[in-house]
1. Can you list residue pairs whose Cβ atoms sit under 9 Å apart, with the first residue in the range 97-109 being in contact (Cβ under 8 Å) with a residue 24 or more places away in the chain and the second being part of a loop (DSSP other than H, G, I, E, B) and hydroxyl-bearing (Ser, Thr, Tyr)? Count only pairs 6 or more apart in sequence or on different chains.
2. Can you run down the residue pairs with Cβ atoms below 8 Å, 6 or more apart or on separate chains, where the first is in the range 57-68 and over 19 Å from residue 10 (Cα atoms) and the partner is part of a loop (DSSP other than H, G, I, E, B)?
3. Inspect the range 100-112 for any residue being of a type in the set (Asp, Glu) and assigned to a helix (DSSP H, G or I) and give the result as yes or no.
4. Do we have any residue at all in the range 54-74 that's within 26 Å of the chain's Cα centre (by Cα), outside the structural domain of residue 22 (by TED's automatic domain parsing) and over 30 Å from residue 18 (Cβ atoms)?
5. What are the residue pairs meeting all of these: first residue in the range 4-25, first residue not assigned by TED's automatic domain parsing to the domain that holds residue 55, second residue surrounded by 10 or more Cβ atoms within 10 Å (Cβ to Cβ) and modelled with pLDDT of 95 or more, Cβ atoms under 8 Å, and 6 or more apart or on different chains?
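The values are calculated or read from the model by the stated rules, or taken from the named source; none is laboratory data. These numbers come from a predicted model, not from an experiment. Neighbour counts are summed over all protein chains in view; Cβ atoms, including those assigned to glycine, are modelled from backbone coordinates with ideal geometry.
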Amino acid sequence: MNDHDFARHSRRLLWAWLSLLALMLLSLGSAYLRLGMGNAVAGLAIAAIKAGMVALIFMRLARAGATVRLVATGSLGCLALLMGLSGIDYLTRAVVPSPLQPPRQLPALIEERTGR
C-alpha cells in the first residue's frame, strides 16, 4: 500500500467513524424526545444504518466475493426468521392470569421480648 492509498483509506475510515459518532448522538438525542412509538422506529432505523455502515466499511462486504455476501445474506435471513417466529409465538399465546395469592406470614425466628 503506497502513501496515496493509505491516505485515502484513512480518510474513509475517519469519515465512517465521524458518521457513526453523529448517528450515536442522533440516537441519544432522539431518546430524550417524546415521540411515543416514533422513538422505537427512530432507534431501529438509526441502528440499521449503523449496522449497514459497519458491514459495508469495516467488514468490507462491498468488496467481498459472492460467497461471503451469500453467507452474510443467509445469516440475516436466518436472524429475521428467528425473530419473526419468536414474534408469532408471543402474539399467539393465550394470556392466562395467574391466581392471586395473599402473601404468607413466616413464623418469627426469635420470640419478641415484652417489657419484663
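1. none
2. Pairs found: 68/61.
3. Checked against the condition, which is being of a type in the set (Asp, Glu) and assigned to a helix (DSSP H, G or I), the range 100-112 yields no hits at all.
4. Checked against the condition, which is being within 26 Å of the chain's Cα centre (by Cα), outside the structural domain of residue 22 (by TED's automatic domain parsing) and over 30 Å from residue 18 (Cβ atoms), the range 54-74 yields at least one hit.
5. As it stands, the answer is none, since no pair meets every condition given.
Per-residue answers, yes or no, for (1) modelled with pLDDT of 95 or more; (2) out of contact with any Phe, Trp or Tyr (no Cβ under 9 Å at 6 or more places or on another chain); (3) surrounded by 12 or more Cβ atoms within 10 Å (Cβ to Cβ); (4) part of a helix (DSSP H, G or I):
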{"residue": "9", "(1), (2), (3), (4)": "no, yes, no, yes"}
{"residue": "21", "(1), (2), (3), (4)": "yes, yes, no, yes"}
{"residue": "34", "(1), (2), (3), (4)": "no, yes, no, no"}
{"residue": "41", "(1), (2), (3), (4)": "no, yes, yes, yes"}
{"residue": "48", "(1), (2), (3), (4)": "no, yes, no, yes"}
{"residue": "82", "(1), (2), (3), (4)": "yes, yes, no, yes"}
{"residue": "91", "(1), (2), (3), (4)": "no, yes, no, yes"}
{"residue": "94", "(1), (2), (3), (4)": "no, yes, no, no"}
